[in-house]
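Below: the structure, in structure tokens.
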């Protein structure tokens, strides 16, 4: 649920607070008259009136319209406060803004000769390709030797910058911009992330946590308590937690399905959450809550596009790559193109909406047709298993 957008100037005006020079002047004149005093030289050209306006009317308007309407009143409510004001509201309920974090995980380095020992130096860079519309870099954290007799070894790497965008799915990190002697290939395989990357918590995300904290009035089995506890972890938004009730493991049990903004939810993060709740006592008496990674559903996408007649072959190829990067972003494979509608559990993903957004972003695109029906999602996120983009020609 988005935060409300409040026009505090309108609120003040509806309560009779003057917001114009004429309104302030009329109010002051009324007070002067009520005090049995008369201002006779109130012409706009009067030196006295110019001084009066500069000393009284202008400061009063600044106090009302700038200080009161734009700072004091919005800062009073978690629903409208921003930046430092919102952090002060968070402190009131024992919360702090979550900081950005770097992705860490294991990249599998495979040798060309199993009988050779290969040294992988700290600082070695592993890259994604540009399929997603951007290139993401990881670096090896410490020197590692892949011994003789071992064909491959998982090597701990860290993103070169903070952000959830580095939590890419399996197989995306597979390039070495500078070759490593003896290494044939690299890849992020399976559940490779040990520490999820995260962006700095936005005002909207922090405000949601503050609201959840107010709802956490007890330590019993209510969603708000667990939502507040789980959303303290970096990279987890409180509005991307989905609860399953109806006692999935018997009376007093529930599941929380955790999803990430980008990529799949790492098992290491799920393990940390379950340990935090169940081993460190952040659960209600008799409760049994288990955190689970949001499930994925198999999705094969097939689309055909038509383009402007004036496009050359290389421009058509570039358009196809632009389409692919946006489609993959909509299915949460990257953090690129943030204005696109993303897939969500417990919702319907409408392809006509995606088509409209693609057409608005890519002027050369004339028409799009999908072989897929709209996706009705339960407690699962559709994951792209194959993506076929066909060129239907020009229009």
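Within the set 331, 351, 305, the sole residue that is under 28 Å from residue 272 (Cα atoms) and at pLDDT 95 or above turns out to be 331. You will find that of 224, 215, 228, 279, the residue that is modelled with pLDDT under 90, farther than 27 Å from residue 385 by Cβ and surrounded by 21 or more Cβ atoms within 10 Å (Cβ to Cβ) is 228 and no other.
If you take just the strands (runs of 3 or more DSSP E) that sit entirely in the range 303-395, which of them hold at least 2 residues that are within 27 Å of the chain's Cα centre (by Cα), in contact (Cβ under 8 Å) with a residue 60 or more places away in the chain and under 16 Å from residue 132 (Cα atoms)? Before the answer, list the steps.
Values: elements: 347-349, 365-370, 375-377, 380-394.
Those strands (runs of 3 or more DSSP E) span 380-394.
Filtered by the rule that a residue be closer than 17 Å to residue 263 by Cα, assigned to a loop (DSSP other than H, G, I, E, B) and out of contact with any strand residue (DSSP E or B) (no Cβ under 7 Å at 6 or more places or on another chain), the range 233-248 gives 233, 237.
Considering the range 249-261, the residues that are on the phi < 0 side of the Ramachandran plot and part of a loop (DSSP other than H, G, I, E, B) include one that is farthest from the chain's Cα centre (by Cα), namely 251. So for the range 262-276 (the condition being surrounded by 15 or more Cβ atoms within 10 Å (Cβ to Cβ), touching a residue at least 12 places away in the same chain (Cβ under 8 Å) and assigned to a strand (DSSP E or B)), does at least one residue qualify? No, the range 262-276 has no match at all.
The values are calculated or read from the model by the stated rules, or taken from the named source; none is laboratory data. These numbers come from a predicted model, not from an experiment. We place every Cβ from the backbone using ideal geometry, glycine too, and count neighbours over all the protein chains shown.
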